[in-house]
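One structure is given below, encoded as structure tokens.
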2 protein chains.
Amino acid sequence: MTELADALERVREALGAGKVVLLVGEMEVTYEGRSMSWLGRGERILMIKGDRSVLIHRPKGCEPVNWQPPGSHIEAWLEGDRLILSCNRTAPPERLKITVSRLVQLATHKLADEAEFEMHAREEDMKLAIIEEPCIIEEGFRIVESERPVREGAIDILGVDSQDRLVVVEIKRERASKEDVKQLSRYADQIELEFGRRPRSILVAPSLSTSAASLAARLGIESRRLSPRRAQEILRKRRGLDRFLAGNG
Amino acid sequence: MTELADALERVREALGAGKVVLLVGEMEVTYEGRSMSWLGRGERILMIKGDRSVLIHRPKGCEPVNWQPPGSHIEAWLEGDRLILSCNRTAPPERLKITVSRLVQLATHKLADEAEFEMHAREEDMKLAIIEEPCIIEEGFRIVESERPVREGAIDILGVDSQDRLVVVEIKRERASKEDVKQLSRYADQIELEFGRRPRSILVAPSLSTSAASLAARLGIESRRLSPRRAQEILRKRRGLDRFLAGNG
DNA sequence: TGTTTAATATCGTTA
DNA sequence: TAACGATGTTAAACA
């Protein structure tokens, strides 16, 4: 197969030059390492990036069927009328073997992409919004400390209410589960041990699961509705205001 | 830009025909939905599959920088000298907008892939290995029940030892963490409540983290070393033996 | 280097 | 549909 022999040369050249390889064709895939998998012959897309990460995509589904993280050692050779690609890692030991039996398309590109990726509306942004605007929790709420370490993990926010009672705040960016309520309860236990009196506990999340809500009620844990999106809007508004005040100062 | 106008037509045709689109070029990307993200201009690979899942890959890294799961509604149009792709979902509401400013390559393919994907050596296989060969846990160990539901979740394996003491077994396919030890301890609490006496607790995993090991020691929790790979070997050997015995029967 | 935690996690199963 | 755990989770932050 002259076509696959040519492909082998181009793949080797691309690997050496740190190019991205896009190979469309008929292939079999086996993986052995943390798990083991077999995938029989079919038409797929193989992507090898400049950092030697490897992805195999089927014609459907968002996730790759097989992959190898960046830095794998890649070898390529011909075996009869097949093009073999062996992608190996040592820690943990794992191997991905791709057997290409028919080539549909092969492209290689040297790509330049230095842009910064910015993401917002994460759990971190919810915490920042509360720190910059504590009345999200309630009127008169003040921050004492963020990420205060306790025996198991860290308390998202420790604060005091208008009557100077300690408040333990736990933040979740998704619907809170029973387990999240238990975690907050354990944090409150730690604070009670340390300060000698029971703090208030407030779970901040866009919503609570039914079991989480009933457990929270039983344990006397309060909750506040806040979505990551709303937190992001509060931050943006506030920072806009800060810039305005700075400009006038 | 005649090139991008031509690309628009080919993308539309591919979307209608359920083809896979591979577009390499310079683009900006914004996402708004469960989170929000911005990515400035750079050279990337856009993949749209037949099921309308969308992936954007940078030249490095295993994971896509942005994506949209299968079934998103995709619209494409020209805006000045830019090709715009808008990929929308309704549940949850989220939108991915791609602005292509320069085309490097565009390919579309109708791919056929009907192969079955088989994966082995998962946590499930570790459980099966213990069920088929209980002496992996210890001499005289017998299975009572698998996946026994308790208040929070399910016990992987409940069994009895050679002295008829109850044993709660928790299986982890990776190095076990402190949290895994706590989970097992809570399961043991539930069994103690139900049966009126403290069961033995055994954590099965390829290894334990240092903090997990010390917590296990403090709580009187035992452990057994078992990797998914070894479990898979045991299963294969055993099933081979079963077939041999069945052939002789 | 190892551990811990967040993620647009995704994906499957079960009640 | 909601809840819950497994995943070859991946990836980043932290000690």
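Readers should treat all values here as calculations from the given coordinates under stated rules, not as data from a laboratory. Remember, predicted model here, so these are calculated numbers, not experimental data. Positions of Cβ are generated from backbone atoms using ideal geometry, with glycine treated the same way; all protein chains shown enter the neighbour counts.
General observations
- Reach of A:LYS49 by Cα under 16 Å, taken over aspartates and glutamates that are not fewer than 8 positions away in the same chain: A:GLU13, A:GLU75, A:ASP113, A:GLU114, B:GLU43, B:GLU63
- Structure remark: mean-square fluctuation, Gaussian network model of chain A, C-alpha springs under 10 Å; the largest value among A:ASP180, A:ASP81, A:ASP161 belongs to A:ASP81.
- Under a 5 Å amide H cut-off, with hydrogens placed 1.01 Å from N, B:LEU208 pairs with B:ALA176 among residues at least 5 apart or on other chains.
- The dipole here belongs to the stretch B:123-236: it is taken about the Cα centre, uses +1 on the Cβ of Lys and Arg and -1 on the Cβ of Asp and Glu, and is about 400 debye.
- Estimated 222 nm signal from helices in chain A, with DSSP H stretches of n ≥ 4 weighted -39500 (n - 2.57), rounded to 500: -10000 deg cm²/dmol
- 12 Å beta-carbon shell around A:ARG122, net charge (K/R +1, D/E -1): 0
- Dipole moment magnitude, nearest 20 debye, the stretch A:3-115 about Cα centre, only Lys, Arg, Asp, Glu C-beta charged: 220
- Packing-based exposure ordering (other Cβ within 10 Å, fewest first) of A:LYS182, B:LYS172: A:LYS182, B:LYS172
- Chain B shape via C-alpha gyration tensor axes, a/c threshold 1.5: prolate
- Tensor-based shape of the stretch A:1-127 (alpha-carbon gyration tensor, a/c under 1.5 rounded, otherwise prolate or oblate): prolate
- 5 angstrom amide H check on B:ARG224, placed H, neighbours 5+ away: B:LEU203, B:VAL204, B:ALA205
- The charge dipole of chain A, taken about its Cα centre with unit charges on the Cβ of Lys, Arg, Asp and Glu (plus for the first two, minus for the last two), comes to roughly 520 debye.
- Per residue of peptide B:30-43, the mean number of Cβ atoms on other chains within 10 Å of the residue Cβ is 5.
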